[in-house]
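Notes for the one structure printed next.
The values are calculated or read from the model by the stated rules, or taken from the named source; none is laboratory data. Remember, it's a predicted structure, so these values are computed and weren't measured experimentally. Cβ sites come from the backbone with ideal geometry, for glycine too, and all protein chains shown count toward neighbours.
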Amino acid sequence: MDQDTIINLATQTMTVAMKIAGPLLLVGLVIGLVVSVFQSVTQISEQSLSFIPKIIGVIVVILVAGPWMLGQLINYTEQLYQSIPALVGGG
């Protein structure tokens, strides 16, 4: 394995990680921003008010996009396992 192969594997891994984590992080960010604006306008400083909606939003995203996320991870893992002989120089 040379340096280019390792960089390619790392790039693919980071791309898959961002595809999987992106929707979860984006929903958490949007909900956190909306709750923060609401708290600023109403001057409510309750900590659980920002935590509970984020958890609910992330659960909804997992339920909706979970099969797609799992499919992305399975596809990457299968491609990685199939490329192992070529990576170690045996094929």
Subset tally (residues that are surrounded by 14 or more Cβ atoms within 10 Å (Cβ to Cβ) and within 19 Å of the chain's Cα centre (by Cα)) for segment 34-61 = 5
Can you spot a residue in segment 20-36 that is hydrophobic (A, V, I, L, M, F, W, C), in contact with a Leu (Cβ under 7 Å, 6 or more places away or on another chain) and at pLDDT 90 or above?
-> yes
Please state which one of Gly57, Gly32, Gly66 is part of a helix (DSSP H, G or I), touching a Lys or Arg at 6+ places or on another chain (Cβ under 7 Å) and not aromatic (Phe, Trp, Tyr).
-> Gly32
